[in-house]
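Scroll down for the structure; my scribbles are underneath it.
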Amino acid sequence: MIKKLSFLISIIIFGIAFGQKDKEALQKQNADLKKQISALNASLNQTKKESKLSIAYLNAVNQKLNLREKVYNNTQKEKRFIEDDIYKSQLEINKNNRELEVLRKDYAAILVKAYKTKGIQNKVTFILSSKNLGQALNRIEYLKRYSEYQNKKAAEITDKANEIKKNIALKKKYVAEKDKLLLNQKKDLATIEAERIEKQKLIDEFKKNEVKLTAELRQKQKQSKELERQIRNIIAEEIRIAKEKEEAERKAEAERKRLAEIAAKKEKDRIEAENRAKIAAAEAERKRAELEAKRATELANKKAEDERRLAESNKTAEKKEAAERATREAAEKARIANEKVLAAKANEAAVNKKNDDAKDAAEKKVMKSYGVGSTVGSNFADNKGRIGFPVEKGSVTHRFGKWPHPVFKNIMEENIGIKIAVAPGTRARCVFPGVVSSIQVINGSRTVVVKHGTYFTVYSNLASTLVKANQQVSAGTLIGEVGSDFDESITLDFQIWNGTNPVDPLGWVSY
């Protein structure tokens, strides 16, 4: 039974040790959540002059409430960790008390035994009553060890008592920590309840103004459809012009290539004619060297044959030596002749290479002068997921696609882009290098379309613009200041089109 209890306590302590790390992680997470709540409060205070009947404002209140609830839930978990710490401390205290009780019993038994053994109390008499010196020495050693044992037991009792005090102090600390946490939880619950009431009041205000707001919303949707139609027309026209330009460029490229090939051939023929004499001279030199080498080799072979015959006919030593000398001279001439052949071949190859290099350089120069092969592409698609955000700071209030209205569930909103709520005075910025294709104005709101090869980015609901049509723009170029929407929130409508098809911007920008 004791073994099972010890095993259970070990498991609890092991679990609590890991729980301590989780507790610290929760505390860190709560600190981050509170920073986010503080930032949201600052944002809400900044936009308090705007109409509160905006989805951006409602989203911010919702987000803040969600963060508060996360903090509360984390605090609940933290409280359980603290309760585990208190339980662990109590287990230690109970264990220490049991061990202290055993130590005290053992020490009491030692004292009783010492009292009964009178001789031990009178140490001098106990030693002097020994029968011999050996027994006296043994009794001295015994008394020494007995004294040490008593001191050790007394020290163990003192240490255990101190350990109990320490664990009691630790438990009190955890209890105080829990009390403080409970007080904070009480405040958090009051804040959450107040913010829930605020949210409900806001929703009630929306519903109270439902007729007015739904009418304005439908009008805004009508304007969005008209804007979408215009954007489609702009993009379709851009694609048509691009195709015509591409076809014209293809034909012009083909004609430039034909004329360039004719001019290049003439230039290559001219270079060939200029170098013809050099090529012929190099070839003739090679042939002469080859003929000379052939003759020298034949002569060397003949001399070697004569020397062999002379050796066979046993003629005089002088004649044999003369024949050997003649053979060596012929072989040397053959070696020199072969080296001349190699040099002549290298010279001929160098002349031919120089001629070919000159013709290739002339061809490239002519092609370049005719503008052949100078087309430029776009790498917008290659940067999917890494394209910049269209504002420095903002929160997405409406996502791409068809969604029910956050308050009026009978109204469906269809977005071909995203809406980003921003602070007043925020300026939209270009997300990728391109060319300003068009600037449109509908009911006082401005829209800028930027072309990036076959892709387009659209920046709508601008109060003013900072770019012009056909202007080359870079990533980060300021497009214009974001204006207010029908609900008086400052909102940027941002879209990305692949040809004539709108795509979800959140799949492209780094948000």
(message) I'd like the full set of residues that are touching a helix residue (DSSP H, G or I) at 6+ places or on another chain (Cβ under 8 Å) and at pLDDT 90 or above, limited to the stretch 420-446.
(response) PHE432
(message) Tell me the residue from ALA254, ALA236, ALA281, ALA264 that is under 52 Å from the mean Cα position of the chain (by Cα), in a helix (DSSP H, G or I) and closer than 30 Å to LYS354 by Cβ, please.
(response) ALA264
(message) Please go through the stretch 161-210 and give me each residue that is in contact (Cβ under 8 Å) with a residue 40 or more places away in the chain and either loosely packed, with under 12 Cβ neighbours inside 10 Å or of a type in the set (Lys, Arg) (or both), ordered by number.
(response) LYS171, LYS178, ARG196, LYS199, LYS207
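The values are calculated or read from the model by the stated rules, or taken from the named source; none is laboratory data. Values in this document were obtained by computation on a predicted structure and should not be read as measured data. Ideal geometry is used to build each Cβ from the backbone, glycine not excepted, and the neighbour counts take in all protein chains shown.
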